[in-house]
Structure formats: structure tokens, C-alpha cells
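To keep things clear, I will list the structure first and then write my remarks on it.
The values are calculated or read from the model by the stated rules, or taken from the named source; none is laboratory data. These figures come from a predicted structure and were not determined experimentally. Ideal geometry is used to build each Cβ from the backbone, glycine not excepted, and the neighbour counts take in all protein chains shown. Ligands, DNA and RNA are excluded from the accessible area calculation, which covers all protein heavy atoms including side chains. Shrake-Rupley method; radii C 1.70, N 1.55, O 1.52, S 1.80 Å.
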Amino acid sequence: MTQSAAAKPLGIHVPKLTFSLDQGPQFGPRVGRLCLTRWSDSLSRYAIDIPTPNFLVGTSRGAVPHLSRDHVLSANAISWINVPFESFLEHTPPVPTYQTGPQPLHNFLGFDSSKHIVSLSLRDPLDAGEMPPNGNAHVSASCMRGVRKVTIADWRSYVLTMQPDVAFALSDTPFTAAPHSQKRITKSIERSAAWLADLLRPFRNTTDDTFSESNHTHPLNVFVHMAGGASTSARKSFSHHITEILHGAEADAVKPFRCLDEGVAGYAFDLATLRMKPVPFSTGDDRGRSIEIAENSTILQELESLAEIPTPNTTHTPTSFSSSMNEPLPSISLAPTLDELLRASLNPLPIAKPRLITDVRSPHEILRLIRDIGIDVFDAGWVVKAADIGVALDFIFPVPSTHDVGPDHCNRDIGHNLYDSKYASDFTGLTDAFLAGPGHDKTPSSVSPICSCIACSPVIPSYPIRHSKADVKSHQAHSDDGVGREPFLPAFTRAYLHHLLHTHEMSAHTFLVAHNLAVLDALLTGVRTIISAHVDHNEATAVFAQEVTRFEEAYDEAMSVLHSARDNWEDVKRARGKGRLARESGKTEGK
Amino acid sequence: MQFEVIAKCRTTRARVCRMELAHGITMLPTFMPVATQAAIKGLTPQQVESLGITLILNNTYHLNLRPGIKVLDEAGGAHKFQGWNRNILTDSGGFQLVSLSKFANITEEGALFASPFNGQPTMLTPEESLSIQHSIGADIIMQLDDVVSSLTVGPRVSEAMHRSVRWLDRCIEQHEKSGRKDRQNLFAIVQGGLDPTLRDQCLDAMIARKDRVAGYAIGGLSGGEEKGNIKQCADRLPSDRPRYSMGVGFAEDLLVCVALGVDMADCVFPTRTARFGVALTFKGPLNLKLGKHTTSMEPIDKDCPCPTCASGMSRAMLHHVVTIETAGAHAVTIHNLVFQAQVMGGARDAILEGRFPEYLRAFFRDYFGDAGYPEWCVNALRSVDVDLMEGVNVPLIRGSGAKWEYSDAA
């Protein structure tokens, strides 16, 4: 299982990821800059700059969900793409390893090496379904053909062959039912550290076997999942483990790093495993989606998810950690909060390394993690899931002064469930918070910026493919008809998206993914603007906290719009097939 | 409509035409992708336009059901509703009516069918069909015809043909008094089944109405065996009107129709087969689901200008995502649409440059190779003085001869 089809690449130019941070406290809102410098074969270099806080988008089987390559390339919101490698384990050796040439991962998947940071993890961070246990030297991964054992040697080989810009070290997260014994947690810490060390061993850059600085390079920028589960002491222990100075053989192995942390480019926290009680093992596309509500668990459990949320107006239960960031859940008074877990991991560690969190569930959660901890990168899985179920997100940060906010006003939804029959004749654009393309008489401002996604600001294609010499006439004449033509077209309407969703058209989700990513991008742009507007850090923190409160008051945190959309999506899915119009018209009112 | 024949093949009946409609110029011959429910499945209108497509088809039956006329009227028509600013053709709704309804009873008044919403008997008359098409606002609209399967025999065929002529008159009336003749162009549909006599009668009647129709569709024929009937129609129909062969999508079929004098065709085939994982190429179709493509780092076609191939998307990557990820469906759909357009664009260039017979021969040689040519293609092309078999030593295949990539063993 350790061969890869391509010859081991020599002369690898390792792109270098650096992170610079504006000064600030260890825990609190912060802006920074991730910079990936890439050397091309001709030894010229170019850099990708990602201001933080920012987000990454995950792929499904190597593709950004619902977006064809041209749409990925045109989406300005997308800068960092994470690729879970496990789907490729269906074939031995994994098919991407056949890709030759520079930046094989980018090229196999069609990403732009001048624009996109591409990271490689073994597992999908959003998949917390139960898995067979890992071993001392292997991780259980999931692909369409079942579970595959991936050894640390395999992983190292895949990373070196695919040359991602960022690689996630293997980590030993138990995907079996909680609670876990002290022994299991200890093993998790030790294995994760050992596997990190393995990835940090330098690799030979030339065919010369002897070790020297010049012919050995350290692996690509490595991110580590912070082990320790839901135990603050375990987390503290792991962080100490990776910062303690190594000696002897351990030190030799990762020379010239003196401790593991010196080779770490960033810290990752996967909330998925913390939230859910894992369910019985299953393959297929239920993985990661079906959960049971935890009972009597001694660790902090997520009580709701997008998949199983009861309809709104039922008894209020905390969603994610949103309302319980600073206090434990009432029934489990000894369990740590997420806040405490993150701080336990981060306390012993250098401040100026990027912090990444996956499986955030709402803009509220994102804002609070920025405010209280100082998280730099979030994943966009939840906005893609919202697009999957027909919700166009619509929120803006900071909340404009024109928005009515406060105890007397009801919350806005964070988006629009376009399945709702009220949108059947609604010819406005997808968002109220933003303006669609410049085909309007309002000028964009910081209060009402433009959403530049393909749904809100479609652009006339400038160079359609010409299939014959005669085609010149058809294209030219169309644009020479005397009408002064703006490059932007009218925004796609809620009525059209409503129609696409009810007719089960795939393009609905194309529009919604592109749009939702743009809205998330705008949120984080707004965050960066607010934080960096104040030179004095205390002032920045205070103002930011104020804006977060305004946001919480303005937008419904229970995200009931997502719950009803999920119901509607299920209805359309169930109604499909012969006779569906009769089934659907029986259900919808006012048709 | 402004319609002009700008070149003719000296050997076959093929021609290149320029057709200018309310939403721009479409060069003929062309293939029309089908945007059944106001969308080419999986793609945005901007994507479709960027592929060089200028004319798509919308289905009246489907749009009438969802979103419905009220919404379309409020939106200002189907162009605005779906964000497509180039040309649209709508069919009459008659075909889906018959094929998709629980029951359909054709009377002189119109077609009585079961509403798919509540099962109630509903009537679609020629006037109603036109009225719906007026709301949709397509640049080309079709008469409601009494369509029978080409396998039907007996008096029903004749009845349907004559009724189609009467319904054409009703459609013409409805269209002329709508005041939309300047923006929307009505096509007649020639019927008559496989019976040349009936076809001739239908042609007589419909050609007599030439000044009140903008173009002619050849209806009730969408299989390989009926090319004799297509030729009969194409030979007699006025050359200053576009000819539209409904439901033709296989590349070899399109080219044979072009050689017979047809200017446009539509079909769901290329887009549907794309979603099922089959990419169309000049060397035949590729079934990307097969194991033989698992590790191929080649694109579908390195000379193809489509965004999928131009980005170098490998067959291996496509194999990994087709039929599983929507992005896989989009990638192959984009490719297949460009393939169809390239076949027709190549034909236009070949006709313009006086080398269309060579284009035909090269296409068949590359596409079918040693597998052999479908007999019906050879026969149809011989009727317009192109002998595919000349100097070529390949078998003749009976039946449809459609080329397919079935399994790894093949």
C-alpha cells in the first residue's frame, strides 16, 4: 500500500506558508495575513495573500460541491480549498498519485496555483460517523468501498507525492462511542504526537542518500489537529507534548526542529467529533449526517444539528455551543465548555500561529470564536449545507445602522428558505442585505456593498466559443445592436430559484453555493474591517464585541429558516417521480 | 425573422443560413440544447452562452405547469425569468401531453388530458397552446399538431395529418391577432407518418400557407429508418424557410439531416447522456464510468475548446465524480454541449468552404472507425450523392448502429 504510481518527485519546490499577525493578546479578536509563497519551475515566485479571519471550503470527492471548475475559478470568495483524500482510496494506488508535473494536487483537481491554497487531510473533518478504531501505525479512513487502513508511511507518501500547500498530520481521534477511558485518551495524545513527528521527518530532495541541509527539505506546511478530545487536561498535555524539547533519536528524526511545534504551521480544531455522539457504523451518504441526541453523556454533546433539528417553536435547546460558550450545560455541570477546551489547547502554544476550526454551524458561532478565542480560519461546510437545502444566506456584518435592532424588534432570519411558496412570484434578488450588480441606481457603500456572486451579479460572457467562421456575425451583431450594454445582467430572482428548487434542478444549488460563499466572505471581510479599524487593541476588542452583540440581536440564532428548509427539501425529495405534481400540490398551500 | 441562405453545398442539400430573431442571430445549421424547465440542467445561462450557444429549447408543457403562466407573465416572459438573453424555441406542448399524461384523448377541439396536478380532465386547444407560448415569449413557437407515433398505421395517421393542417390554421389566426408576429415566429409541423402520399398532401397544404408561417418543422420522425421521409419533406419545403427536425440528437443523425437540407434539430440526448457519465467525442462516445478510464490522465479530448477539456480535467478525475457529484454532471454536460456545437460548426465551415462531403466522410471514419457504418446513414447520404462506402472497407450495420462504449471488455 506504500507505492504510488508516479516516480518520487525530486527537486520539489516547497511553497512556504507564513502567518503574520497584528499585535494582540493571546485570546481575542485578531487580524492577520497568511502568505503562501510559491516558486515556479523557472524559479520566479509568486505569492497568495489571504487576510484572516477567513475561511476554507471543503471538497467532496475532490470537487467543490455543485461548482464546475469555471465557477470555482470565478468565485473570488474562494482562496483556500481543503481536500479530504480518503475518497481516492477506492483505488490502489490512489488515482491522484498518477498526476505528473508540478503542483499535482492542484492540477488533478483543477485548482489555480496562483490563487488557491490547497490543503490535504486524510479524512473529511465534517464526517464524525463511527469508524473502526485506529491502530498504533494506521488510521481508519472511509471511502465508497468501505473502510481503508492508511498507515503513517502511506500518508507520508501521499503527502509527498501530491505536494499540497498545507498537509494535515494524521491524528488519532476516537470515532467510537463516548465516553473514552483515560487510557484511550492518553493513547490518542501519544499517537497523534508520534504521527506528527513522522510527517515532520525531512524528506530526501535528491537521489543522494546522505543527509545534509541542502538535499533534504522539510515537508510541506503541516497543520496539526489538537488532540485531547473533551478533556482540558488531555488537551493541555498534548500541547505540552508538542512543545517540549526533544532529545536523542526523537530529536534526530525531526532535525533541525527542536520540538514538534517548531515544524507546525498551524493548529486545527475539529468540532464535529466534539459535538456528536457517533452512531453505528454505516457507509453511503448518511455518513456524518445521521446523529442521535446524546443522553447521559459525561462529555459536552451537541444536541442538535442541521439534519435532525426539530421544527422551530419546540422547546429551546442550545444550538451548538452558541448560547453556552461561557457556561456549561445545566445538566452536565462538570463538563467543560468549548471555550475552555480551546484555551486549554492554545494556552501553552505560541500566539502567532494560525488557528483553524472546522464544523462551525452559524455566523454567530464564528463571531464568538473570533471574539473570545481569536480563530483565524473557519470552514464553509455549513454554508454549503444551507445551499444544499435551498437556503440563500442573507446577513451582513457589521449590522448597518438602518437595520432595526433591539428587544422590540424581531430577529431577521440569516437567510431565505426559497422553497417557501411566498417566493413563487418574488422577483427580487437573493439578498436584502446586499445590492445586486451595479445595474441599480444605488451606489455601493460600506453599508450596502454588492454581492458579486454569479447569482446576484451575473456577467455577460465576453468571449463565447466560436464554432465556425460564420459565428462571428452572431456574436458581434448581438452586442452591436446599439444598446449601451453594461457588463452586468439583472440578478437572478427568488422566484426563479424557487422554481429551480421545486423542479429539482441542479443549477439551484450552483447558484446557492456560489452565493452563500460570497455572503460568508463578506461577513469575514466585515470582521477584518472592524478589528483593524482601531490601532489600540482594547478598543478594537470592545468595538468588535459590541458589533457581535448587535449581530446576535439582529439575526435569529436558532436559524429556524434552515430547519424549515430541510423539511421542504425532504418533501420535494420524497415527492419525486411519477405523480409528484399531485403529491406536491396537495402539500403546498396557495398554489 | 430575417432569414438568409448564405451558402449551399454543391453536392448535398446542405446549406448555411443566417437567422435573425428578436434575441439575436443564430447561424444555421445548428443544434438546440433542451432547457426543459427553464434551465439547461446544471448550468447557468451565462455558462451556456459562453459555450457559443445562441438558441435553446424550452418545453411549453413543463413551463405551463411550473412556474405557470401567471409567474411567467409577472416575470415578463421566459427570457427574463431564466436569465437567458438569446433565442428560445418552444414546442407546442402536444408531444409531452400525449407521452406524459395518464390519458390523452384527441378531439377536433383539442387534446383532452389528465391534469398532472389533480387528475382532472383538462383541454389543450391550439389557441391555448399559442397563448401559453405567447406568455413564455419564445422567439420561435410551434403550432399544436396532432402527433402520432411513426409506427402507427391506418386511418389514424391520415386523420392526424389533416387535423394538424386545420390546427395550423387556428394557430395562425391566434398568432396573427395576438400582435406578436413581429417578435415571435410561428412554425408549422409537417405530419403524415411514414406514408409518402400523406406527407405530400401535408406538404401541399402547409406550403400553401408559406406566407403566414416563418418556418417548418418535420414532425413525427425521429429515428434512423425514416430518413426517406425527411428527404421528401426537405426537398419540397421552400428553401427560404428554416427546416427543423424535432428530436434528433445523435451526431451522425444530425449530419445526415443537414445533408438532406435540415437546418435545426433539438434533443435531450447529449445533456442526458452527460449526466449518466457518457462524454461524446469525434472518436465515439466515452463511458467515463468504465474501469478503463480510472487512471487515464488525458482529458476527454485535448483539442476540445470546452472549459472542461481546456482545464485539462482528466478522464480519471471525471471517472471519480460522474454520476456522484453534481460538479461531474456539469463538467460532462459542458463538454457534450460543446461537442454538439463543434459538429454543427464544423459542418457550417465545411459547407461554406465547399468541402462538406469530405467533412461527412471524415466524421464517419473517425466516429465509427472499423466498427462499421449504420446502413441507414449510408443510404440516406447516397440519396444526396455522397457515398460513404467509396474506397472504404468497413461493414454496414443494420438497425440504428448507434455507437456505444459498453464495457471494459469491448
field: Of all residues making up the stretch A:486-521, the number that are assigned to a helix (DSSP H, G or I) and of a type outside the set (Ser, Thr, Tyr)
entry: 21
message: So in the stretch B:312-327, with the set limited to residues that are part of a helix (DSSP H, G or I), under 24 Å from B:Glu49 (Cα atoms) and not polar (S, T, N, Q), which one is nearest to the other protein chains (Cβ to nearest Cβ)?
response: B:Ala327
message: Residues to consider are B:Arg156, B:Arg166; find the one that is in contact (Cβ under 8 Å) with a residue 40 or more places away in the chain, open to solvent by 50 Å² or more (accessible area, probe 1.4 Å) and more than 14 Å from chain A (Cβ to nearest Cβ).
response: B:Arg166
- request: Please give the number of the condition B:Phe368 fails out of (1) under 29 Å from A:Arg69 (Cβ atoms); (2) more than 9 Å from chain A (Cβ to nearest Cβ).
  value: (1)
task: Just one of (1) at pLDDT 95 or above; (2) surrounded by fewer than 20 Cβ atoms within 10 Å (Cβ to Cβ); (3) aliphatic (A, V, I, L, M) trips up A:Ala137, so point out which.
output: (1)
query: In the stretch B:386-410, what count of residues is obtained for those that are over 21 Å from B:Val343 (Cβ atoms) and out of contact with any Leu (no Cβ under 8 Å at 6 or more places or on another chain)?
result: 10
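Table: residues versus (1) surrounded by fewer than 21 Cβ atoms within 10 Å (Cβ to Cβ); (2) in contact with an Asp or Glu (Cβ under 6 Å, 6 or more places away or on another chain); (3) within 14 Å of chain B (Cβ to nearest Cβ).
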position: A:Thr100; (1), (2), (3): yes, no, yes
position: A:Pro104; (1), (2), (3): yes, no, yes
position: A:Gly129; (1), (2), (3): no, no, no
position: A:Pro132; (1), (2), (3): yes, no, no
field: Enumeration of residues in the stretch A:238-264 that are small (Gly, Ala, Ser) and surrounded by fewer than 20 Cβ atoms within 10 Å (Cβ to Cβ)
entry: A:Gly248, A:Ala249, A:Ala251, A:Ala253
message: Out of the residues in the stretch A:201-216 meeting the condition of being within 18 Å of A:Cys259 (Cα to Cα) and assigned to a loop (DSSP other than H, G, I, E, B), tell me which one is modelled with the lowest pLDDT.
response: A:Pro202
task: Kindly check whether there is at least one residue in the stretch B:273-281 that is closer than 23 Å to B:Ile53 by Cα, within 10 Å of chain A (Cβ to nearest Cβ) and in contact with a strand residue (DSSP E or B) (Cβ under 6 Å, 6 or more places away or on another chain).
output: no
- request: Residue by residue through the stretch B:288-303, note down the ones that are over 16 Å from B:Thr273 (Cβ atoms) and more than 7 Å from chain A (Cβ to nearest Cβ).
  value: B:Gly291, B:Lys292, B:Ser296, B:Glu298, B:Pro299, B:Lys302, B:Asp303
task: For the stretch B:73-94, state whether one or more residues are more than 14 Å from every other protein chain (Cβ to nearest Cβ), surrounded by 18 or more Cβ atoms within 10 Å (Cβ to Cβ), more than 30 Å from B:Gly345 (Cα to Cα) and not basic (Lys, Arg).
output: yes
query: So which residues in the stretch B:282-307 are open to solvent by 10 Å² or more (accessible area, probe 1.4 Å) and among the β-branched types (Val, Ile, Thr)?
result: B:Thr294, B:Thr295
task: Name every residue in the stretch B:18-72 that is open to solvent by 10 Å² or more (accessible area, probe 1.4 Å), more than 9 Å from chain A (Cβ to nearest Cβ) and part of a helix (DSSP H, G or I), in order of residue number.
output: B:Tyr61, B:Asn64, B:Ile69
statement: Checked B:His335, B:His330 against criteria (crowded, with 24+ Cβ neighbours inside 10 Å, within 13 Å of chain A (Cβ to nearest Cβ), within 20 Å of B:Ile40 (Cα to Cα) and in contact with a strand residue (DSSP E or B) (Cβ under 6 Å, 6 or more places away or on another chain)); the one match is B:His335
Boolean, A:Gly406 is buried (at least 24 other Cβ atoms within 10 Å of the Cβ) and either modelled with pLDDT under 95 or more than 13 Å from the chain's Cα centre (by Cα) (or both): no
message: Just to be sure I understand, how many residues within the stretch A:227-276 are farther than 24 Å from A:Arg343 by Cβ and among the charged types (D, E, K, R)?
response: 4
task: Note down all Cβ pairs under 9 Å where the first residue falls in the stretch A:492-518 and is more than 7 Å from chain B (Cβ to nearest Cβ) and on the phi > 0 side of the Ramachandran plot, the second is part of a helix (DSSP H, G or I) and β-branched (Val, Ile, Thr), and they're at least six residues apart or on different chains.
output: A:His504/A:Val572
statement: A:Val147: passes all of (1) open to solvent by 30 Å² or more (accessible area, probe 1.4 Å); (2) more than 20 Å from the chain's Cα centre (by Cα); (3) modelled with pLDDT under 95 but (3)
- request: Identify, by number, the condition in (1) on the phi > 0 side of the Ramachandran plot; (2) crowded, with 17+ Cβ neighbours inside 10 Å that B:Asp385 doesn't meet.
  value: (2)
